[in-house]
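See below for the structure under consideration.
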Amino acid sequence: MSAHAAAKPRTRRRVPVVEGIALAVAALVVLMAVAGPLLAPYDPYAVDLSRSLLPPSAEHWLGTDSNGRDVLSRVLYGARVTLPATLVVIAASTLIGLLIGTLAALGGKVVDEVLMRITDIGLSLPAIILALGLAAALGPGLSSAVIALSLTWWPGYARLVRTLVREVKDAEYVDAARVMGVPQGRLIFRHILPNALNTLYVQTTVDVGAVMLVISGLSFIGVGAQVPSSEWGAMIAGEANNLTNAWWAVAFPGLALLLTALAFNLVGDWLRVRNDPTIRQEAR
Amino acid sequence: MSTDPLLRIRDLRVSYPAAGGMAEVVHGVDLDLAPGERVALVGESGSGKSVTARAVLRLDPDARLSGGIELEGVDLLGLPQRRMREIRGGRVGLVFQDPLASLNPVMTIGRQVMQPLVIRGVSRRVARRRAIELLERLGVRDAEHRVDDYPHQFSGGMRQRVVIAIAVIAEPALLIADEPTTALDVRVQARVLELLHELAAERGMSILLITHDLGIVAGFAERAVVMRHGRAVETGTVDQIYNAPRHDYTRALLAAVPRIGGDVTRPLAVIGAAGNAPEEEES
Ligand SMILES: Nc1ncnc2c1ncn2[C@@H]1O[C@H](COP(=O)(O)OP(=O)(O)OP(=O)(O)O)[C@@H](O)[C@H]1O
Ligand SMILES: [Mg+2]
């Protein structure tokens with residue numbers, strides 16, 4: 001390739017070991033969510049009480065639960081429940097947060113004031129209480145948990161987006177673009193938002209783990225995914241009283257949850273560092 | 001001068017909101033620029049050079065401007081915002097005081113150079129072609145590929161050329177360069193000024209060069225306006241100003257220039273310049 005290609009590897013530093021593992025785990029979970037049914041050795045819902053609570057073996061790598069269901073298959077299917085639910089919460093919150101935050105930052109004093117009051121109200125809602133309320137109103141279920149969580153999660157993003165947009169809109173390169181006659185709409189969508197989003201998407205990656213834990217937590221206390229579901233929190237709740245005699249039925253979904261949350265967290269942090277312009281400058 | 005001026009500034013006053021009213025920072029500046037002419041606006045820090053430059057394009061919404069600014073016979077102070085936007089980047093290009101900060105970090109170099117054309121309806125393909133040609137003309141090697149890089153992959157000197165490319169790609173009649181070289185080391189400074197000079201000559205473009213360094217004016221501009229405390233204290237040809245300064249302040253500025261006479265655009269030997277990489281090897 002051309003001469004400048006030689007300079008490139010210096011700007012893109014290698015992925016450190018821990019983050020590399022985290023990235024691999026996160027990718028594995030995504031793969032599980034996509035290809036779970038192809039990988040799962042058994043039907044995750046097939047009850048066979050004659051095979052209940054078998055310890056891990058060659059036949060059932062992660063053992064079976066109290067209903068004789070294969071834990072590995074259920075953990076694999078669980079990724080299909082927890083991960084999409086998490087992504088829906090993150091996507092909905094990001095969308096609302098982007099809209100409200102951008103409007104607040106660019107819409108003038110009055111708009112800002114009104115939107116920030118609404119955001120404060122959203123921030124003051126505890127997710128669990130709202131989920132309990134929604135579960136009572138709509139019936140318990142994963143969708144109640146997802147709605148409740150989205151309603152409490154977006155205000156953080158609205159705040160973040162507002163701060164980022166306010167910062168970026170005064171950046172010299174935005175002024176420079178304005179000086180070249182770039183119209184307002186293009187200024188917002190091509191210059192301000194892409195720079196603000198850069199930081200936002202790092203935050204959303206970090207948040208995947210947290211949202212996942214809350215969804216599983218809500219399922220665990222009974223207001224999220226309901227019993228036969230292989231959602232990880234629901235799995236733990238279903239087998240919690242077997243913890244002493246059949247640790248595997250609780251430990252493996254718990255481990256899946258823990259590793260996934262941790263993996264997304266580490267990946268997010270790594271992206272944060274990689275995205276930091278000051279660090280990026282030094283790498284040049 | 002017999003030709004109609006390209007830019008005619010008369011009694012320009014600029015005020016900014018301050019505690020308890022407006023504070024005037026530019027107190028009546030007159031300035032004329034003929035087509036193709038290079039004029040330097042010189043003065044110490046805080047003398048109002050940048051404020052004057054920004055006023056020409058009405059860039060600060062909270063600044064209050066009075067007096068007259070005419071570009072190609074059109075009164076800019078009376079122009080609606082929409083027309084003003086066509087002038088910015090179209091008829092008048094501006095290079096900022098800190099050009100290194102004026103590139104969008106998440107947009108490729110090519111897209112940024114193309115932008116002034118694209119927003120004026122030029123097709124992407126044509127705009128890209130012209131961006132590459134212009135960057136090559138400005139000494140960016142392998143521009144064909146480098147347009148897809150991001151600003152952080154460019155050195156200071158190369159980013160400076162990119163910023164100049166952005167300012168001139170739409171072929172403005174006037175380029176205002178606000179201390180375009182202060183962020184660069186001396187070797188790169190001289191080369192960039194040379195490029196600006198060549199570009200102006202090729203295109204018949206006028207340049208208003210803003211600087212606090214009278215040392216770089218002589219090889220570059222034909223006339224100079226000396227500003228102090230928001231006023232133009234002396235105007236004349238560079239010869240006049242160098243050889244027969246009328247104002248004490250101009251004399252003081254000249255005394256600050258390390259070497260008078262000789263080739264003033266030649267780089268100085270800089271003490272402690274070890275960190276300044278030779279410019280041609282930069283990427
Ligand atoms: N946006 C603003 N609001 C209020 N005052 C301003 C603003 N911009 C500049 N000023 C004031 O106007 C005066 C002239 O500033 P200006 O930036 O034009 O100086 P300058 O000659 O460009 O100096 P330098 O060489 O440091 O760039 C300064 O006293 C400055 O504080
Ligand atoms: Mg200035």
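Each value in this text was obtained by applying a stated rule to the coordinates, not by laboratory testing. In this text, all values refer to a predicted model and were calculated from it rather than measured experimentally. Here the Cβ positions follow ideal geometry from the backbone for every residue, glycine too, while neighbour counts run over all protein chains shown.
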Checklist entry - If we count other beta carbons within 10 Å of each Cβ, what is the order of B:ILE87, B:ILE164, fewest first? => result B:ILE87, B:ILE164
Next on the checklist: Let me spell out the model: positive unit charges on the Cβ of Lys and Arg, negative unit charges on the Cβ of Asp and Glu, origin at the Cα centre of chain A. What dipole size does that give, in debye rounded to 20?
Outcome noted: 1120
Checklist outcome for this item: Listed with the fewest Cβ neighbours within 10 Å leading, A:THR199, B:THR211 appear as A:THR199, B:THR211
Checklist outcome for this item: The alpha-carbon center of segment B:228-251 and that of segment A:91-134 are separated, in whole Å, by 58
Item to check | Whole-angstrom gap from segment A:208-263 to segment A:35-63, using each part's C-alpha centre | outcome: 17
Checklist entry - So who's got an amide H within less than 5 Å of the one on A:GLN226, skipping anything under 5 residues away but keeping other chains? H placed 1.01 Å off N, in plane. => result A:LEU142
Item to check | Cα centroid separation, segment B:25-45 to segment B:170-184 (Å) | outcome: 14
Checklist entry - Longest span of chain B, sites excluded, free of GluC sites (Glu not before Pro) in DSSP loop with at most 16 other C-beta atoms within 10 Å? => result B:73-221
Checklist entry - What translational D, rounded to a whole number of µm²/s, comes out for segment A:138-213 from Stokes-Einstein when the hydrodynamic radius is the Kirkwood one over Cα pairs, at 25 °C and 0.890 mPa s? => result 170
Item to check | Antiparallel bridges, percent of DSSP beta bridges restricted to chain B (to nearest 5) | outcome: 55
Item to check | Approximate shape of chain A as ellipsoid semi-axes (Cα gyration tensor, √5λ), whole Å, largest first | outcome: 42, 26, 13
Checklist outcome for this item: The FRET efficiency for B:TYR16 and A:GLN184, from their Cβ-Cβ distance with R0 = 30 Å and rounded to 0.05, is 0.85
Checklist entry - So for the protein assembly as shown: antiparallel DSSP bridges make up what percent, rounded to the nearest 5? => result 55
Checklist outcome for this item: Under 14 Å by backbone N from the virtual spin label 7 Å along Cα-to-Cβ at B:ALA252, the residues of segment B:200-232 are B:227-231
Item to check | Length released on extending from B:ARG137 to B:GLU24, taking residue separation times 0.36 nm less the Cα-Cα span | outcome: 36.5 nm
Checklist entry - Dipole magnitude of the protein assembly as shown about its Cα centre, charges +1 at Lys/Arg Cβ and -1 at Asp/Glu Cβ only, in debye to the nearest 20? => result 640
Checklist entry - Between B:ILE69, B:HIS27, B:ALA127, whose Cα lies farthest towards the positive end of the dipole of segment B:16-133 when Lys and Arg beta carbons carry +1 and Asp and Glu beta carbons carry -1, centred on the Cα centre? => result B:ALA127
Item to check | Net length gained if the chain between B:SER123 and B:GLU222 were fully extended (0.36 nm per residue, minus Cα distance) | outcome: 31.9 nm
Next on the checklist: Over 20 Å intervals from 0, what percent of Cα-Cα pairs in the protein assembly as shown sits in each interval?
Outcome noted: 18, 38, 26, 14, 4, 0
Next on the checklist: Taking amide H atoms as placed 1.01 Å from N in the peptide plane, list the residues 5 or more away in sequence, or in a different chain, whose amide H sits under 5 Å from that of B:VAL225.
Outcome noted: B:ALA40, B:LEU41, B:VAL42
Item to check | Residue order, fewest to most surrounding Cβ atoms within 10 angstrom, among A:VAL18, A:VAL179, B:VAL257 | outcome: A:VAL18, B:VAL257, A:VAL179
Checklist outcome for this item: If every Lys and Arg gets +1 and every Asp and Glu gets -1 at its Cβ, then about the Cα centre segment A:108-186 yields a dipole, in debye to the nearest 20, of 120
Checklist entry - How long is the gain from A:TYR45 to A:ALA240 if the chain were fully straight, where each residue apart is worth 0.36 nm and the alpha carbon distance is subtracted? => result 68.4 nm
Next on the checklist: Please compute the modelled spin-label separation between A:LEU31 and A:LEU125, points set 7 Å along Cα→Cβ, answer in nm with one decimal.
Outcome noted: 3.8
Checklist entry - What number in nm² do you get for chain B if you take the convex hull of its Cα atoms and divide its surface by four? => result 16.0
Item to check | Vicinal HN-Hα couplings computed from phi for segment B:14-29 (Karplus, 6.51 cos²θ - 1.76 cosθ + 1.60; Hz; Gly/Pro x) | outcome: 10, 10, 10, x, 9, 3, x, x, 9, 10, 7, 10, 10, 10, x, 9
Checklist entry - Using the Karplus equation 6.51 cos²θ - 1.76 cosθ + 1.60 (θ = phi - 60°), what ³J(HN,Hα) coupling, rounded to whole Hz, does each residue of segment B:211-224 give in order, writing x for Gly and Pro? => result 7, 9, 10, 4, x, 8, 6, 4, x, 10, 9, 8, 10, 9
Checklist outcome for this item: In this structure, the FRET efficiency calculated for B:THR237 and B:THR108 from their beta-carbon separation, with R0 = 41 Å, to the nearest 0.05, is 0.45
Checklist outcome for this item: By the DSSP-based rule, helices of chain A that are at least 20 Å long along the axis (C-alpha) and have a mean Kyte score of at least 0.0 are A:17-39, A:71-106, A:109-124, A:142-169, A:193-220, A:247-275
